[in-house]
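Here the structure comes first, spelled out in structure tokens, and everything after it is commentary.
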Ligand SMILES: Cc1cc2nc3c(=O)[nH]c(=O)nc-3n(C[C@H](O)[C@H](O)[C@H](O)COP(=O)(O)O)c2cc1C
């Protein structure tokens, strides 16, 4: 029996699932204004406000972005944003005060400032996403826009001290995907310290694997979804992460290592 409390906000978050097919209906300006204002109200580290978002309305540009992300429906997403880490604006503001701006405070070369800007951008995007769902809309976050970062930068005319981080496509849902299962809370929330052995950590993995395997993914409707642990292993092989360690497993399971 679940003891989860419910209200409109919690239910919006618990019901959230990625939507990858949208009705071809434009969204009202007041929706756009609402979503953008909500995003601006997200928390911001040191109040640097070091993110921006580019609203993509040009159909040709949408098409080009859909090619970069290799997801065709993005070409017709009713509302599409690219969130950008942005120290350019702060550098311009500082330059007006006569401050030298070629420092790590603005260049995004320092990992702390980069992470800070990324955190801000992701929080803003997530606020927008949640607000969209609360209005009955659907969204998908798009890391795949980074398949060709240089092209994205060129297309959006992004200046120095900026870096694109994620896209967000929004519209009225034209599909009803199942809720994707999540791992047991015990595998992701720990008390006071990280579990001392991996056996404890992975308690519950077997059941979770089974739930993920049962999940029906509209993107691959013709075949069952791999168990979570298989997805993690495949991903590591595809990405070349730790290829050596995974090679024996890949061989056992018949994955291809060449690419
Ligand atoms: C940082 C990030 C990048 C993502 N990029 C993509 C993407 O490029 N394309 C896509 O279809 N889904 C993308 N997703 C959505 C995830 O695939 C999805 O959230 C995950 O499979 C869980 O499914 P759910 O959102 O339906 O719960 C992304 C999600 C995140 C958080």
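The values are calculated or read from the model by the stated rules, or taken from the named source; none is laboratory data. What you are looking at is a predicted structure, and each value in this text was computed from that prediction instead of being measured. Because the Cβ atoms are built from the backbone with ideal geometry, glycine has one as well, and the counts that use them run over all protein chains shown.
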(request) Within the stretch 95-112, work out how many residues are touching a helix residue (DSSP H, G or I) at 6+ places or on another chain (Cβ under 7 Å), free of Cβ contacts under 8 Å to residues at least 40 places away in the same chain and not in a loop (DSSP other than H, G, I, E, B). (result) 2
(request) Spot the failing condition for residue 57; the list is (1) within 16 Å of the ligand (Cβ to nearest atom); (2) under 25 Å from residue 147 (Cα atoms); (3) in a loop (DSSP other than H, G, I, E, B), and only one is missed. (result) (1)
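Scan the stretch 144-181 for residues that are free of Cβ contacts under 8 Å to residues at least 24 places away in the same chain and in the same structural domain as residue 84 (by TED's automatic domain parsing) and report the count.
So the count comes out to 6.
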(request) Please tell me if residue 99 is at pLDDT below 95 and more than 16 Å from the ligand (Cβ to nearest atom). (result) yes
(request) Taking only the stretch 53-72 into account, find how many residues are closer than 13 Å to residue 21 by Cα and either touching a strand residue (DSSP E or B) at 6+ places or on another chain (Cβ under 7 Å) or not assigned by TED's automatic domain parsing to the domain that holds residue 122 (or both). (result) 0
(message) Checking residue 109 against (1) buried (at least 16 other Cβ atoms within 10 Å of the Cβ); (2) away from the ligand (no atom under 16 Å from the Cβ); (3) more than 30 Å from residue 173 (Cα to Cα): exactly one of these is not met. Which one?
(response) (1)
(message) Residue under question is residue 67, and the condition is that it be within 14 Å of the ligand (Cβ to nearest atom), without any contact (Cβ under 8 Å) to a residue 60 or more places away in the chain and part of a helix (DSSP H, G or I); does it hold?
(response) yes
(message) Here are the criteria: (1) within 16 Å of the ligand (Cβ to nearest atom); (2) within 15 Å of residue 164 (Cα to Cα); (3) surrounded by fewer than 21 Cβ atoms within 10 Å (Cβ to Cβ). Tell me which single one residue 120 does not satisfy.
(response) (3)
(message) Condition first: under 15 Å from residue 83 (Cα atoms) and touching a residue at least 60 places away in the same chain (Cβ under 8 Å). Now tell me which residues in the stretch 20-40 satisfy that.
(response) 35, 36, 38, 39, 40
